[in-house]
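Right, one structure below, let's go through it.
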Amino acid sequence: MVQYKDQNNLTAHLKEKAREMGFSMVGVVEARPSPHLDAYFRWIHQDYHGTMGWMARPDRQERRQDLDVILPGVQSIVCVGLDYDTIQLPPEIADDAGRGRISNYAWGADYHDVMTPRLKELGAWLRRQVNDDVRDKAYVDTGAILERDHAAEAGLGFTGKNTMLIGPRRGSWFFLGELLTTAALTPDRPRETMPGCGTCRRCLDACPTDAFPEPYVVDARRCISYLTIEHKGAIPRHLRPQMGNWVYGCDVCQVVCPFNRFAVESHEDAFWPKDVDAAAPPLAELLALDEEAFRKRYAGSPIERIGRGRLVRNACVAAGNWASPQATPHLARLLTDVEPLVRGHAAWALGQIGDGEATAALGAALEEGGDAEVRKELAAALEAAAQQAG
């Protein structure tokens with residue numbers, strides 16, 4: 001066990017160790033409930049969490065109100081950040097409607113796999129410095145705590161109108177992680193002069209689906225990131241045309257943020273895409289994915305967790321917004337896909353294309369019968385195709 005002069009000295013060495021492990025930022029706060037806990041409860045009460053039922057579960061609410069439920073005797077939260085900004089897509093790639101856009105945090109390895117082992121290692125280091133009685137728990141976007149609030153308290157940034165944590169001199173392209181510990185550490189004090197969004201509302205105005213009912217509040221049910229990642233069912237038809245070619249997540253509200261001109265390039269090789277297709281894959285390739293090809297292509301990526309069905313669902317929506325006859329053969333084949341979710345969204349996309357081949361495929365599929373919800377999608381798609389033809 002290492003002897004430290006005082007708590008401040010231990011905390012300073014902990015931060016130094018965290019930076020040695022590769023974390024871009026580190027701060028410490030006292031383990032207490034978030035100062036904006038009431039806002040979270042209002043958000044839940046308004047059903048803005050959509051189908052993410054775990055966020056409203058009584059046990060999760062209890063943990064956010066009392067961190068001792070998570071880790072008895074917890075005294076401190078170590079908040080860390082890790083930059084993930086990498087390449088800028090060439091305009092001819094970024095603006096190509098025949099490609100699916102992927103949020104830049106998912107261009108490389110899964111951040112959970114990168115950060116979690118390091119946080120656990122940091123906890124083990126702390127135990128060696130103090131004593132083996134110290135206990136800890138590491139979270140990377142996985143715990144029932146309001147991590148952005150705690151990170152803001154720790155001085156890592158401020159909450160923007162798009163609800164993202166924004167570092168004044170680094171923007172918002174960074175991941176967050178937390179180490180809850182029973183060790184007593186010296187908490188940081190938030191900067192008294194921390195800037196904010198002021199009168200800027202670029203993120204609110206740029207959102208394709210109007211997902212912000214008011215500044216600092218996001219309605220997940222309208223958010224493209226939620227719709228393409230967290231939502232497991234059918235994407236509401238009225239929102240599909242507004243989703244563009246995003247197939248996994250959405251970066252719009254961050255891209256337009258002025259603070260991201262200060263973004264710090266990631267030093268983590270694992271976050272860099274191997275090529276532009278990892279950031280914006282051709283839709284034809286996504287529509288052609290079977291289970292084996294999906295697993296091979298996205299093993300170790302954040303995309304792996306949503307599964308082949310949801311990714312192809314998203315690609316169908318993007319193909320419908322592309323509205324190119326080039327997608328028709330791929331979509332027509334998906335009308336017989338094993339997953340009803342895929343069949344229904346392929347039908348919608350064919351209805352948006354509305355050419356003769358698409359209409360014929362829709363009509364044949366409707367005659368085959370099958371799942372009731374898919375039949376509704378087929379009928380609606382045929383009507384849409386007819387309106388285009390008329």
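The values are calculated or read from the model by the stated rules, or taken from the named source; none is laboratory data. Computed from a predicted model, the values in this text were never measured in an experiment. Here the Cβ is made from the backbone with ideal geometry for all residues, glycine too, and neighbour counts use every protein chain on show. SASA here: full protein model, heavy atoms, side chains in, ligands and nucleic acids out. Shrake-Rupley method; radii C 1.70, N 1.55, O 1.52, S 1.80 Å.
Once you reduce the range 177-231 and the range 309-377 to the center of their Cα atoms, the two points are 35 Å from each other.
Quantify, in whole percent, the carbon and sulfur part of the accessible surface of the chain (1.4 Å probe; protein heavy atoms only).
49
Of the DSSP H helices in the chain, those with a Cα length along their own long axis of 24 Å or more and a mean Kyte-Doolittle hydropathy reaching -1.0 comprise 111-129, 372-389.
So, counting K/R as plus one and D/E as minus one, what does the shell of residues with Cβ under 12 Å around Arg375 add up to? Intermediate values should be presented prior to the final figure.
Numbers: positive: Arg343, Lys376; negative: Glu367, Glu368, Asp371, Glu373, Glu377.
Net charge around Arg375: -3.
Here is how the number arises for the chain: DSSP H runs of 4 or more residues each give -39500 (n - 2.57), the sum is divided by the residue count, and the result at 222 nm is -11500 deg cm²/dmol. The trypsin sites (Lys or Arg not before Pro) of the range 296-390 include none that meets both conditions, a loop assignment by DSSP and at most 11 other Cβ atoms within 10 Å of the site Cβ. Cβ screening of the chain for cysteine pairs under 4.7 Å finds these without a partner: Cys79, Cys197, Cys200, Cys207, Cys223, Cys250, Cys257, Cys316.
Let me know the shape class of the chain, please: from the alpha-carbon gyration tensor, a ≥ b ≥ c as square roots of the eigenvalues, rounded when a/c is under 1.5, otherwise prolate if a/b is greater than b/c, or oblate. Since a/c reaches 1.5 and a/b is larger than b/c, the shape of the chain is classed as prolate. If you count Lys pairs in the chain whose Cα atoms are under 27 Å apart, skipping same-chain pairs closer than 8 places in sequence, the total is 13.
Leu37 to Glu304: FRET efficiency via 1/(1 + (r/R0)^6), r the Cβ-Cβ distance, R0 45 Å, to the nearest 0.05?
Working: r = 33 Å, r/R0 = 0.73.
It comes out at approximately 0.85.
The residues of the range 68-217 have, on average, 41 Å² of accessible surface per residue, using a 1.4 Å probe with all protein chains present. Placing Asp133, Asp85, Asp113, Asp68 in order of accessible area, with the largest value first and a 1.4 Å probe, yields Asp133, Asp113, Asp68, Asp85. Note on Trp107: accessible area is roughly 20 Å² with a 1.4 Å probe, heavy atoms of protein only. Consider a paramagnetic label point 7 Å from the Cα of Asp66 along Cα→Cβ; state which residues of the range 136-156 have an amide N under 20 Å from it. What the label zone holds, given the 20 Å backbone N cut-off, is 136-137, 143-146. The shape of the range 210-293 comes out oblate: with a ≥ b ≥ c from the C-alpha gyration tensor, a/c is at least 1.5 while a/b does not beat b/c. Taken about its Cα centre, the range 150-296 carries a charge dipole of about 500 debye when Lys and Arg each add +1 at the Cβ and Asp and Glu each add -1 at the Cβ.
Please list Arg118, Arg240, Arg261 from largest to smallest accessible area, probe radius 1.4 Å, with all protein chains kept in place. Before the final figure, lay out each step's value.
Numbers: Arg118 50, Arg240 0, Arg261 170 Å².
Sorted by accessible area, descending: Arg261, Arg118, Arg240.
For Glu265 and Thr336, the difference between the fully extended length at 0.36 nm per residue and the C-alpha to C-alpha distance is 21.2 nm. The heavy atoms of Ser34 present about 10 square angstrom of accessible area, all protein chains included, probe 1.4 Å. When the charge dipole of the chain is built from unit charges on Cβ atoms (+1 for Lys and Arg, -1 for Asp and Glu) and taken about the Cα centre, the candidate among Gln326, Gln254, Gln75 whose Cα reaches farthest toward its positive end is Gln75.
Top to bottom by accessible area (1.4 Å), largest first, where do Tyr216, Tyr298, Tyr105 land?
Largest accessible area first, the list is Tyr216, Tyr105, Tyr298.
Size of the dipole of the chain about the Cα centre, Lys and Arg at +1 and Asp and Glu at -1 on the beta carbon, nothing else charged, in debye to 20?
Numbers: 44 positive and 54 negative charges, 136 e Å.
Result for the chain is approximately 660 debye, rounded to the nearest 20.
Computed over neighbours whose Cβ is under 11 Å from that of Arg99, the net charge equals -4, Lys and Arg +1, Asp and Glu -1. Rolling a 1.4 Å probe over the protein heavy atoms leaves Val256 with an accessible area of roughly 50 Å². Charged neighbours of Asp205, selected by a Cβ distance under 15 Å, balance to +2 (K, R count +1; D, E count -1).
Between amide H atoms placed 1.01 Å from N, distances below 5 Å from Val28 occur with Cys79, Asp188, all of them 5 or more places distant or on a separate chain.
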